[in-house]
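Student: Below is one structure. I have some questions about it.
The values are calculated or read from the model by the stated rules, or taken from the named source; none is laboratory data. This one's a predicted model, so the numbers in the text were calculated from it and none came from an experiment. FYI the Cβ positions are ideal-geometry reconstructions off the backbone, even for glycines, and counts take in every protein chain you see. Please note that ligands, DNA and RNA were not included when accessible areas were found on the heavy atoms of the full protein model with its side chains. Shrake-Rupley method; radii C 1.70, N 1.55, O 1.52, S 1.80 Å.
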Amino acid sequence: MLTSDPADMTTKPQRRRAPAIRAAITGVHGHLPQYVLTNHELAKMVETTDSWIVERTGIRERHILKGEGLGTSHMGADAVRGLLEKTGTSPGEVDLVICATTTPDFVFPSTANLICDMVGIRNIGSFDVQAACSGFVYALTIASQFVETGKYDKVVVVGADKMSSIIDYTDRATCVLFGDAAGAVMVEPSGNRRGILDSLISSDGAGMQYLHQKAGGSRMPPTAETVARRLHYVHQEGAQVYKFAVARMADIANDLMARNKLTPDDITWLVPHQANKRIIEATATRMDLPMDKVMMNIHKFGNTTAATIPLCLWDYESKLKRGDKLLLAAFGGGFTWAGMYLTWAYDGAAAAAKSVG
């Protein structure tokens, strides 16, 4: 049982080294399903109101993937197609694909494998990363290692989740929070030393009890009984998750600032996981960061789990300038948390103009 206070939990020190090659994000693209589920529509499904949802979460609407046989890979593949077109990259040039997801299409094969097949990427490595809402930062950290060592030149990192597939739409506490989406970035060697400068990943499995999916894995395989008992949906204890999310996201961001001798004035943008507007605001307050330096689009998309951070980068791409200093911070079920400090490597306005939708 997790009994410690968030203030008593510290991230284990992680060693740093200056790589000979700097890895940088050189492109970003996203995909949002066409169907939009509004708060007013949710109010017809469960006992809630638009004002109640907005006041407590900041969410006004979320996108939902509709259609028989459509899964997380379909959204991820669309995001990757757009990314390749924007960056002028052919499928044959991609060296590795990593997909962060909590809602894979299947137990196996990996969702990354399926994305590759849909996009026409052949004969390369591809795998999934499962760290819940921190998954994208975990995957981006892994991708940077492949580039920094000189192993690969073009790594695609996808964050994608079809959360509607594991949400109980009779549970007001969770069904208002989540949406479906995908985001993808290209990671390449930087020619100007801009890029990923530092990252931290951490976890504490004792937090599992507060945010998890009870059935469907090897501990409790699916049966008629588990389905009848509605055990295949997200279970969340909001008060505990809120407390730890605020502490961990702020702590990891502050640790990165201290390690890199940064002040709040130095930061151009905080890119936080979009779980709840109150969590985002509380995190910014703990960092002494004004809200005009915080990327936030939770009102439009809700919590899309592994997709929230790449969706923020895509949504704000036109505002990003070469050399901007970004802090990424995420917290997920399990618990996991992760952060990254990077400098933006390209003119976002020019790239956003090439967006294909």
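Student: Pairs LYS277/LYS325; LYS214/LYS243; LYS243/LYS325; LYS86/LYS154: which exceed 20 Å Cα-Cα?
Tutor: Too far apart for the 20 Å limit: LYS277/LYS325; LYS214/LYS243; LYS243/LYS325.
Student: With a ≥ b ≥ c taken as the square roots of the eigenvalues of the C-alpha gyration tensor of the range 103-257, please select rounded if a/c is under 1.5 and otherwise prolate if a/b is larger than b/c or oblate if it is not?
Tutor: It comes out oblate by the Cα gyration axes.
Student: Only bridges with both residues in the chain count here: give the DSSP antiparallel percent, nearest 5.
Tutor: Roughly 70 percent of the DSSP beta bridges within the chain come out antiparallel.
Student: Continuing with this model, one more query. With every protein chain left in place, what is the accessible area per residue of the range 244-357 in square angstrom, probe 1.4 Å?
Tutor: 32 Å²
Student: Find the relative contact order for the chain and round it to a whole percent, using C-alpha pairs within less than 8 Å whose residues are 6+ positions apart.
Tutor: Averaging sequence separation for qualifying contacts and normalising by length gives 25 percent for the chain.
Student: Once a ≥ b ≥ c are taken as the square roots of the eigenvalues of the Cα gyration tensor of the range 302-349, is the result rounded (a/c under 1.5), prolate (a/b larger than b/c) or oblate (a/b not larger than b/c)?
Tutor: Note, shape of the range 302-349 comes out oblate.
Student: With the cut-off at 1.5 for a/c, could you classify the range 73-144 from its C-alpha gyration tensor as rounded, prolate or oblate?
Tutor: Judged from the Cα gyration tensor, the range 73-144 comes out prolate (a/c at least 1.5, a/b above b/c).
Student: Taking Cα pairs under 8 Å and at least six residues apart, what relative contact order does the range 47-194 come out at, in percent?
Tutor: 30 percent
Student: Oh, and also: Treat each spin label as a single point 7 Å out from the Cα along the C-beta direction, and report the SER51 to PHE127 distance in nm.
Tutor: About 5.2 nm, to one decimal.
Student: In whole Å, what is the distance between the alpha-carbon centres of the range 98-171 and the range 222-292?
Tutor: Computed from Cα coordinates, the inter-centre distance equals 21 Å.
Student: Right, something else. Rounded to the nearest percent, how much of the accessible area of the chain (1.4 Å probe, protein heavy atoms only) is carbon and sulfur?
Tutor: 51 percent
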